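Contents: one structure, followed by commentary.
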Amino acid sequence: MALGCFSVSLSVKDITKSIEFYTGLGFEMFHDNSEHGYCILKDGTTVLGLFQGMFEGNILTFNPGWDKDAQPLDGFEDVRSIQARLLAAGVEVAQPTDPEGEGIGHIVLSDPDCNAIMFDQHVPKPA
């Protein structure tokens with residue numbers, strides 16, 4: 001199963017300091033929207049999102065429909081299909097998406113250690 005591009009989404013207190021820290025480690029700015037409280041950094045195939053004031057805790061994020069460069073994939077498993085498969089397996093989805101939807105959507109669940117996992121789809125359902 002291909003879950004899409006993987007990244008770690010960090011909740012940060014000061015996005016400017018966090019950008020400085022992570023670029024010092026070798027990450028490069030991929031998408032800068034820091035004036036709105038978030039940005040995406042990359043180091044090779046490693047993707048790191050920094051988010052100030054948007055959520056508590058850190059999130060493991062999968063983006064169905066995107067490759068590592070946030071480019072749409074031709075074929076992928078839609079977030080609604082992932083949700084249906086997880087529910088059928090008995091996994092609790094804390095924040096479900098509309099199972100009848102066809103556009104973008106996201107679901108959030110927790111692993112057994114209460115780590116948040118988000119499937120955040122930014123492209124329409126494949127035909």
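The values are calculated or read from the model by the stated rules, or taken from the named source; none is laboratory data. For clarity, every value in this text was computed on a predicted model and none was experimentally measured. Neighbour counts are summed over all protein chains in view; Cβ atoms, including those assigned to glycine, are modelled from backbone coordinates with ideal geometry. Please note that ligands, DNA and RNA were not included when accessible areas were found on the heavy atoms of the full protein model with its side chains. Shrake-Rupley method; radii C 1.70, N 1.55, O 1.52, S 1.80 Å.
For the reader, a short list of remarks on this structure follows.
- Subtracting the Cα-Cα distance of Asn33 and Phe55 from their residue separation scaled by 0.36 nm leaves 6.3 nm.
- Peptides 19-25, 118-124 ordered by average Cβ neighbours within 10 Å, highest first: 118-124, 19-25
- DSSP-defined beta bridges in the chain - what % are antiparallel, rounded to 5: 75 percent
- Karplus-derived 3J(HN,Hα), 6.51/-1.76/1.60, for each residue of the stretch 15-23, Hz, glycine and proline x: 4, 5, 5, 5, 4, 4, 4, 6, 5
- Accessible-area value, Asp98, 1.4 Å probe, nucleic acids and ligands omitted, Å²: 90 Å²
- A protection proxy built from the mean count of other Cβ atoms within 10 Å ranks the segments 2-9, 42-49, most packed first, as 2-9, 42-49.
- Measuring nothing but alpha carbons in the chain and taking Rh as the Kirkwood radius, the Rg to Rh ratio lands at 0.98.
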